[in-house]
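Here is the structure we will look at.
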Amino acid sequence: MADGRPRDRRRAIVLAALLGTIALGFWLRWFLAGVGFALPAALTFPNLRHAHSHLGYYAVLVPLAWLAWESSSKTAPLRGWERVLYAIATVIATLGFIQRGYGLLGIVGSTIVGGLWIVAAWRIARAARQHDDPMVAVLPGTLLALACIPLIARTLRSDPAFAAAAVQSFLTALLFLVVAPGAVTAFGLRQRLAWGSLLTGTLSALALGLWPTAVARVGLALHSLYWLAVARRVDRPVFALPWYAAAGGLVVVATGIVPLTHDVAMGAIHFLILGPFLSALAQRQLLAAVPSAAWWLHHAAAATMSGALIARGAGVEWPLLDSRGLGIAAAVGGSGVVLWWAVVLALPERPARSVVAQ
């Protein structure tokens, strides 16, 4: 059984990484809105965007999924020296992305991170053998995501459209098959037919990127049933509603009601991360005692940012909400997320309350 004090240190590190990620996202969102935020000299938007997204996955989302598993199974996916190596590799990769994007440091750090993902996923897979354990998806999901990396590297300059599709599959595989199972585990839930969730999650990752066929889109629509099942079993509406919204979003995209443009994809990814997934993981691992009313404010800010991006990507234009207005609305919503975290971290701790129906 892992000692509680190292877990507390890891939570503090994850929290610091989360604050860094959202602060960088805040800066980039206002820069994109074109309202008085210039980039520092010698830094480029693509490089900072890479740093923002990779830091979020490397240092926040995947480690939180591991912490949820560790709290549930009392088994740590990475050992002491491996965690130190992971932290060093994450710092190297982040600095590399800031300086040169997909340059040498970014590649070296990311390679080490990817190798440790496999180690952690393998240990989880050895223990998560029950048919109703949501974490059975983690090893296949990790391998699927990592399989996209050579495709991205080979086509980044020669075929940017294909590389972008591979990036979408990479992100979706991690979200649906690593982060989402961790969020379900954080709720203390089992998942009926977890292998079915793995299959539909795999098809979803392909539908949203490399293989947008009718068959894959059916898998995307079917995957919504698993998220609906999670939402129905969560007792507090503030945590259940984002899962209902996410499930509905899968159906809307699968049926083509909303076109999967770049802005739609970015809005959807940010909503999934900040809405159902991060709130599930954070309420257990980082902010166990934050009142429900505070989480409503968090979801409102996240929905404002994500909704503005999705509306812009779908071509919605109303008076005062043209493309630039929607960009500003997204920046305002992102600012609300940053402000929310700044405020709740200053609140005194209170006794935690279960969020799962008994």
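The values are calculated or read from the model by the stated rules, or taken from the named source; none is laboratory data. Just so it is clear, the model here is predicted, and its values are computed rather than measured. Glycine gets a Cβ as well: all are built from the backbone with ideal geometry, and neighbour counts include every protein chain shown. The protein model used for the area step is the full one, side chains on, heavy atoms only, and it has no ligands, DNA or RNA in it. Shrake-Rupley method; radii C 1.70, N 1.55, O 1.52, S 1.80 Å.
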- Message: I'd like the full set of residues that are open to solvent by 80 Å² or more (accessible area, probe 1.4 Å) and not hydroxyl-bearing (Ser, Thr, Tyr), limited to region 148-159.
- Response: ARG154, ARG157
- May I ask you to list pairs of residues, at least six apart or on different chains, whose Cβ atoms are under 6 Å apart, with the first in region 100-123 being in a helix (DSSP H, G or I) and the second being open to solvent by 50 Å² or more (accessible area, probe 1.4 Å)? LEU105/ILE92; GLY109/ILE92
- Note on the structure: By residue number, the members of region 129-147 that are without any contact (Cβ under 8 Å) to a residue 24 or more places away in the chain and buried (at least 20 other Cβ atoms within 10 Å of the Cβ) are LEU139
- Query: Taking region 239-269 only, how many residues are β-branched (Val, Ile, Thr) and open to solvent by 40 Å² or more (accessible area, probe 1.4 Å)?
  - Reply: 5
- Message: Among the numbered criteria (1) in contact with a Pro (Cβ under 7 Å, 6 or more places away or on another chain); (2) closer than 24 Å to ASP8 by Cα, which one does GLY101 miss?
- Response: (2)
- Any idea which of LEU309, LEU272 is at pLDDT 95 or above and either open to solvent by 10 Å² or more (accessible area, probe 1.4 Å) or within 30 Å of PRO6 (Cβ to Cβ) (or both)? LEU272
- Query: Quick one: in region 208-238, which of the residues that are more than 19 Å from PHE277 (Cβ to Cβ) and aliphatic (A, V, I, L, M) is least open to solvent (accessible area, probe 1.4 Å)?
  - Reply: ALA216
- Task: Could you please let me know if VAL91 is in a helix (DSSP H, G or I) and open to solvent by 70 Å² or more (accessible area, probe 1.4 Å)?
- Result: yes
- Message: LEU287 - would you say it is open to solvent by less than 40 Å² (accessible area, probe 1.4 Å), outside any helix (DSSP H, G or I) and not small (Gly, Ala, Ser)?
- Response: yes
- Message: Out of everything in region 134-185 that is hydroxyl-bearing (Ser, Thr, Tyr) and in a helix (DSSP H, G or I), what residue ends up being farthest from the chain's Cα centre (by Cα)?
- Response: THR155
